[in-house]
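S.K.: The structure's right below; bear with me while I get my questions together.
What follows is calculated from the coordinates using simple rules that are stated; it is not laboratory data. Only a predicted model underlies this, so the values are computations on that prediction, with no experimental measurement involved. So basically every Cβ, Gly included, is an ideal-geometry build from the backbone, and we count neighbours across all protein chains shown.
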Amino acid sequence: MNNSIIQLLASEKLNGDNYSAWKSNLNTILVVDNLRFVLTEECCQAPASNANRTIREAYDRWIKANEKARVYILANMSDVLAKKHESLATTKEIIDSLREMFGQPSWSLRHEAIKHIYTKWMKEGTSVREHILDMMMYFNIAKVNGRPIDEANQVSFILQFIPKSFIPFETNASLNKIEFNFTTLLNEL
């Protein structure tokens with residue numbers, strides 16, 4: 001397990017009140033570790049002893065990925081929630097149970113994320129990096145809940161809500177017709 005995954009796991013354990021942020025972090029972890037498929041693909045039945053190698057490998061891959069994702073999830077929630085969910089065999093069962101307990105309808109999560117994006121002004125003197133990372137989290141929540149915002153619009157939102165002290169930066173970018181992606185914007189700001 002690499003350090004960034006450990007940091008994400010440690011950053012916010014699920015306690016019920018933080019379900020949206022927790023789910024966003026979990027999705028990031030599952031994507032980074034190529035484990036997200038256990039939420040969308042059913043496990044095939046255990047192969048017979050005479051099954052070909054490809055079938056056995058596919059089954060073993062799913063079982064290992066499911067167990068790893070299960071451990072990530074159980075380690076990243078309060079002890080009470082972990083105890084309640086440790087008997088569930090698949091990652092999907094755990095996620096479905098948590099969604100029933102804490103999940104808001106996707107339209108509600110999407111609405112809250114979009115509302116945050118449209119109203120999140122960066123305060124003068126605060127970290128640009130933190131502001132952009134915060135905005136990225138809400139862009140991700142909108143995407144996960146069915147309303148992705150393309151990168152050009154994401155950059156526009158960030159530039160629109162930075163303090164007046166960045167007017168020279170914006171003017172220079174506009175006059176020189178500089179187009180930013182997330183990486184270049186983060187580095188330039």
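S.K.: Which one is farthest from residue 27 (Cα to Cα), of the residues in segment 73-93 that are in contact (Cβ under 8 Å) with a residue 60 or more places away in the chain, buried (at least 18 other Cβ atoms within 10 Å of the Cβ) and under 19 Å from the mean Cα position of the chain (by Cα)? Before you say what the answer is, go through the steps one by one.
M.R.: To start, the set of residues in segment 73-93 that are in contact (Cβ under 8 Å) with a residue 60 or more places away in the chain comprises 75-78, 81.
Remaining after also requiring buried (at least 18 other Cβ atoms within 10 Å of the Cβ): 76-77, 81.
Add one more test, that the residue is under 19 Å from the mean Cα position of the chain (by Cα), and what stays is 76-77.
Details: 76: 12, 77: 14 Å.
Ranking the candidates gives 77 first.
S.K.: For segment 134-154, which residues satisfy the criterion of being over 21 Å from residue 19 (Cα atoms) and surrounded by 17 or more Cβ atoms within 10 Å (Cβ to Cβ)? Quick ask: steps written out before the conclusion?
M.R.: We begin by selecting, within segment 134-154, every residue over 21 Å from residue 19 (Cα atoms); these are 149-154.
Residues satisfying the conditions are 149, 154.
S.K.: Within segment 26-36, which residues are assigned to a helix (DSSP H, G or I) and surrounded by 15 or more Cβ atoms within 10 Å (Cβ to Cβ)?
M.R.: First pass over segment 26-36, keeping only residues assigned to a helix (DSSP H, G or I): 26-32.
Listed by number, the residues that qualify are 26, 27, 28, 29, 30.
S.K.: Go through segment 126-152 and give me each residue that's part of a helix (DSSP H, G or I) and touching a residue at least 40 places away in the same chain (Cβ under 8 Å).
M.R.: Of all residues in segment 126-152, those part of a helix (DSSP H, G or I) come to 128-144, 151-152.
Answer for segment 126-152, where residues must be part of a helix (DSSP H, G or I) and touching a residue at least 40 places away in the same chain (Cβ under 8 Å): 128, 129, 132, 136, 137, 140, 141, 144.
S.K.: Checking residue 122 against (1) outside any helix (DSSP H, G or I); (2) of a type in the set (A, V, I, L, M, F, W, C); (3) farther than 30 Å from residue 165 by Cα, which single condition isn't satisfied?
M.R.: Unmet condition: (3).
S.K.: Please count how many residues of segment 94-133 are surrounded by 11 or more Cβ atoms within 10 Å (Cβ to Cβ), over 21 Å from residue 186 (Cβ atoms) and not hydroxyl-bearing (Ser, Thr, Tyr).
M.R.: Adding up the residues that qualify gives 16.
S.K.: State which residue is nearest to the chain's Cα centre (by Cα) when the search covers only segment 38-58 and only residues that are under 15 Å from residue 91 (Cα atoms) and surrounded by 15 or more Cβ atoms within 10 Å (Cβ to Cβ).
M.R.: 39
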